[in-house]
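The values are calculated or read from the model by the stated rules, or taken from the named source; none is laboratory data. Nothing here was measured: the structure is a model prediction, and the numbers come from that model. No Cβ is skipped: glycine too gets one built from the backbone with ideal geometry, and neighbour counts run over all protein chains shown. When the accessible area is computed, the model is the full protein with side chains, heavy atoms only, and any ligands, DNA or RNA have been set aside. Shrake-Rupley method; radii C 1.70, N 1.55, O 1.52, S 1.80 Å.
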Amino acid sequence: MRTAARGIVLLSSLLTIQFGLAQAAPKETGRIVTKTRLVAMFSELETRWLQAVQQKDETTLGRLVSEDFQVWTPQPPGAPIPREDWQKQALAHQLVSFRLRQMAVRSLSNQISVASFVLSDLIEQGGKPQSRDHFVVDVWKKDGENWQCTDRYVWPLSGNARRVRAGVDLRPSGKE
Amino acid sequence: MRKLLLILSFAVACLSYGNAQTTRHASHMVPTGKGWGVQAPEGMAPPNVQPRTVTTGNGINYHGGPVMSGNPVNVYFIWYGNWINGPKPSDSQATVNLINALFGGSGGIGNSGYFKINTTYGDSTQNVSGNISVAGSTTDSYSQGKRLRDSGVKAVVSNAISSGRLPNSTNGVYFVLTSSDVRETSGFCSQYCGWHTHATILSSDIKYAFVGNPDRCPSACEMQTVSPNGDSGADGMASIMAHESEEAATDPDLNAWYDTSGQENADKCAWKFGPTTGSIGNGAYNETFGTHHWLIQMNWENSRGGGCDQTLGGTFYNQ
């Protein structure tokens, strides 16, 4: 009799836990957005840029980044990386694949826009694959009919931010 | 005791399986609403459901959820903020009239060759009808303030229904349309121009959408400031509202039609218009419904291999 009673208590507990889990499970919320015209446009430019790196196409790169392009990182000593050094570094390894997400673009004027996004890529260096995630902010300036990037700010991501890449997505709940 | 434990284990396994069925299946990317897809939760088998009359292989996939098959699908407008004499000229009755005309019962987008592109989408019982029209509207004078969160948009819809100003309809899409002085704080103008979703409101599965007056950020949300109806706000909204409408009709619960990268039908043709009459930036248009010309993005046709076109069965264009 005591065994049966224990069983009932155990069953009730498990049912309660299961019910709790069911209640806590995320429902199909989220929302599907219409991206802005600028997000569409700069996504395309950034993709073209990365494809140029992939194909080691210096001509296209030259069109997309300005003469005085520089890269800023939080690494000491804090001096910017000039265009020539960045390009040498970027073309030294093989960019196997890449993905852009969380793209947002702020238009500061007709001539200047700021694009921010998370860049996940897979490179091959010395025969070893290496996956990386960075938060990137690019400052774009319009030169005639074309846009050129003048400054890039890059932060490497780690910890929670990388979980997004692994598919443990911080899916919009619709309650932000 | 051992028997009892076996029974308990079986019961728990059944319950776990039941819970698992509420999530999406694996090996597919699903929309996040942020312009990219994510891997669906693992361990779920794809549902073996085929849409009634639609075949696959057209660049967009069916995931087992329902479509909106109403004939027509009802549209409800909630004009939020100041649409009489707001800060921009387009915060006006003229815009209200133009959007009413766009979704009017006759001479509107409903049953047009353009909206009939959506008839190529269906679920296990029926296809989208291709008809859509306005069935009611109301106003809301900043009940949630000028800074709206996503939760505020939902509250606006919920209040409109619970107060009886709009009916409770599962065959409806409720549009919250904000005047140019309202800021939707989750990325309006920098990430998106509008969005759609669904939620349980008053025990019903309510589909709703947000579209702000694009005159708040013309460079981000308008293709041209000189527009076919002389109202850049209304003309900009027209394309975004068409986009949300066709996505709401074909993927109302975010579990029906989207591609491997998580894009729904209109996402695949966003900011692509095809050939126009007149030049972009100078009042160009590509659609005529009734007496009005409009510049409206193309939509993805789920047939003939798939592509963006301006009308059902029309030519596919890349831009």
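A few comments on the model shown:
- Net charge in the neighbourhood of A:Ser113 (other residues with Cβ under 10 Å of its Cβ; Lys, Arg +1, Asp, Glu -1) is +2.
- Rounded to the nearest whole Hz, the Karplus-based 3J(HN,Hα) values (6.51 cos²θ - 1.76 cosθ + 1.60, θ = phi - 60°) of region B:229-241 follow the sequence 9, x, 9, 4, x, 5, 5, x, 4, 4, 5, 6, 5, with x at glycine and proline.
- Spin-label pair A:Glu58/A:His93, simplified geometry with 7 Å Cα→Cβ offset, distance in nm: 2.1 nm
- Global form of region B:57-146, assessed from the alpha-carbon gyration tensor, a/c cut-off 1.5: prolate
- Surface burial for A against B, with a 1.4 Å probe and both sides summed, reaches about 3800 Å² of accessible area.
- Accessible surface of region B:58-264, 1.4 Å probe, proportion on carbon and sulfur as whole %: 45 percent
- Shape analysis of region B:204-319 places it in the oblate category; the axes a ≥ b ≥ c from the Cα gyration tensor give an a/c of at least 1.5, with a/b not above b/c.
- Cβ-defined net charge surrounding B:Pro89, 15 Å radius [Lys, Arg +1; Asp, Glu -1]: -4
- What region B:182-319 shows is 29 Å² of accessible area per residue, with the surface traced by a 1.4 Å probe over protein heavy atoms.
- Anisotropy class of region B:111-238 from Cα gyration tensor, a/c 1.5 cut: oblate
- Here's the picture: a label point sits 7 Å out from the Cα of B:Thr56 along the beta-carbon direction, and within region B:257-273 the residues with their amide nitrogen under 20 Å of it are B:257-266, B:268.
- Gain upon complete extension [B:Gln126, B:Ala94; 0.36 nm per residue less C-alpha separation]: 7.8 nm
- Charged neighbours of B:Asp231, selected by a Cβ distance under 14 Å, balance to -3 (K, R count +1; D, E count -1).
- Between amide H atoms placed 1.01 Å from N, distances below 5 Å from B:Phe289 occur with B:Trp294, all of them 5 or more places distant or on a separate chain.
- In order along region B:146-152, phi translates into HN-Hα couplings of 8, 10, 9, 9, 4, 5, x Hz, rounded to whole numbers, per the Karplus curve 6.51 cos²θ - 1.76 cosθ + 1.60 with θ = phi - 60° and x for Gly and Pro.
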